[in-house]
Amino acid sequence: MTIPTNKFDLTAKHVIVTGGGSGIGAAITELFAAAGAKVIVGDINVDASLKQHANSDYSSSIDVHHCDISDSESVNNFIAISCKNRKIDVLVNNAGVGFVGTISETSPENFDRLYQTNVRGTYNMTKALMPQFLDRKQGVIVNMASICGLVGVPDRFAYCMTKFAIIGMTKSMAMDHAKDNIRINCICPGRIATPFMFDRINEYPDPEAIRADMDASQPLGRMGTPEEVATVALYLASDASSFVTGACESVDGGWFAG
Ligand SMILES: NC(=O)c1ccc[n+]([C@@H]2O[C@H](COP(=O)([O-])OP(=O)(O)OC[C@H]3O[C@@H](n4cnc5c(N)ncnc54)[C@H](O)[C@@H]3O)[C@@H](O)[C@H]2O)c1
């Protein structure tokens, strides 16, 4: 009997990664391309995404197209381009936006913006690809949730609301589509060092002190890297996790354990 030694191989797989132009999505794009996949990045910021992957060793395996996941017309156009002459094997719903504040500090506009991108965006992308997955009785979806989808985190009212919704969508779709051979899982990162985390840090008088506090508040004494989330995404996207569906994989340096 031959035992397959590389169940993480993505050769000949076509993968869509939303938000692949920065941070965690960029690391997933690079790692998946290194594992043999053809990766199609859908990002609202095409210039930054092209720049991000321009010097990649795998640039010939990475396509970048405009996609605003919050807008169903933009999503449908992106899916039409992505599916021209090929079938998609894996969807990584990674793109997301954040907001810091309690309910009192969250305007209706910010509430709607977070809902529209994080929740409706995940719905738009998944709904657009689902007919293809159902036709082929095959597909893998990896959703990007957060520790903020597992517990209430102070000052993250709207963000927690959207990430709890992503975990709910993941589990409910996993139950609906296990019989269709479609696996749906999500990742719950803790604090990961990306532009998302540092967007507003320079507004503080001592950004270095804030960063040091962020590191110190993690059980492992540091924030995670985008690459450390990407390896878990590779596990969930590949045959290495062939019996895993409806799961939430924490990548949080131990944060949720305490
Ligand atoms: N960084 C963290 O600490 C952390 C922790 C937990 C979860 N997450 C989640 O991980 C995901 C990626 O976060 P990141 O830290 O890499 O962020 P990032 O800001 O570095 O990258 C986000 C990417 O998404 C794109 N994007 C934003 N809105 C979009 C839209 N409407 N349509 C298409 N693309 C859009 C941006 O242009 C950018 O390229 C998000 O869902 C975030 O909520 C991040």
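The values are calculated or read from the model by the stated rules, or taken from the named source; none is laboratory data. Not measured: the values here are computed from a predicted model. Don't worry about glycine lacking a Cβ; one is built from the backbone with ideal geometry, like all the others, and counts go over all protein chains shown.
Those residues that are among the hydrophobic types (A, V, I, L, M, F, W, C), within 24 Å of G25 (Cα to Cα) and in a helix (DSSP H, G or I), I need them from region 163-185; list them, please.
Selection gives F164, A165, I166, I167, M169, M173, A174.
Being in contact (Cβ under 8 Å) with a residue 12 or more places away in the chain, buried (at least 23 other Cβ atoms within 10 Å of the Cβ) and more than 24 Å from V90 (Cα to Cα) is the requirement here; does A193 meet it?
no
Tell me, yes or no, whether region 201-210 has at least one residue that is within 11 Å of the ligand (Cβ to nearest atom) and either within 13 Å of the chain's Cα centre (by Cα) or surrounded by fewer than 20 Cβ atoms within 10 Å (Cβ to Cβ) (or both).
Scanning region 201-210, I find no residue that is within 11 Å of the ligand (Cβ to nearest atom) and either within 13 Å of the chain's Cα centre (by Cα) or surrounded by fewer than 20 Cβ atoms within 10 Å (Cβ to Cβ) (or both), so the answer is no.
If you scan region 172-191, which residues turn out to be within 30 Å of M214 (Cα to Cα) and more than 11 Å from the ligand (Cβ to nearest atom)?
N185
Of P195, P226, which residue is at pLDDT 95 or above, under 30 Å from L10 (Cα atoms) and in contact with a helix residue (DSSP H, G or I) (Cβ under 7 Å, 6 or more places away or on another chain)?
P226
Which residues, counting only those in region 129-162, are free of Cβ contacts under 8 Å to residues at least 60 places away in the same chain, within 13 Å of the ligand (Cβ to nearest atom) and assigned to a helix (DSSP H, G or I)?
Matches in region 129-162: C148, A158, C160, M161.
Filter region 32-86 for residues that are among the aliphatic types (A, V, I, L, M) and touching a Phe, Trp or Tyr at 6+ places or on another chain (Cβ under 7 Å) and give the result.
A33, A34, A35, V39
I'd like to check which strands (runs of 3 or more DSSP E) are fully inside region 16-127 and have at least 3 residues that are within 11 Å of the ligand (Cβ to nearest atom) and under 25 Å from G149 (Cβ atoms).
Here the list reads 38-43.
What pairs can you find where one residue is in region 204-217 and without any contact (Cβ under 8 Å) to a residue 60 or more places away in the chain, the other is loosely packed, with under 11 Cβ neighbours inside 10 Å, and their Cβ atoms are less than 9 Å apart, with a gap of 6+ or different chains?
D215/G221
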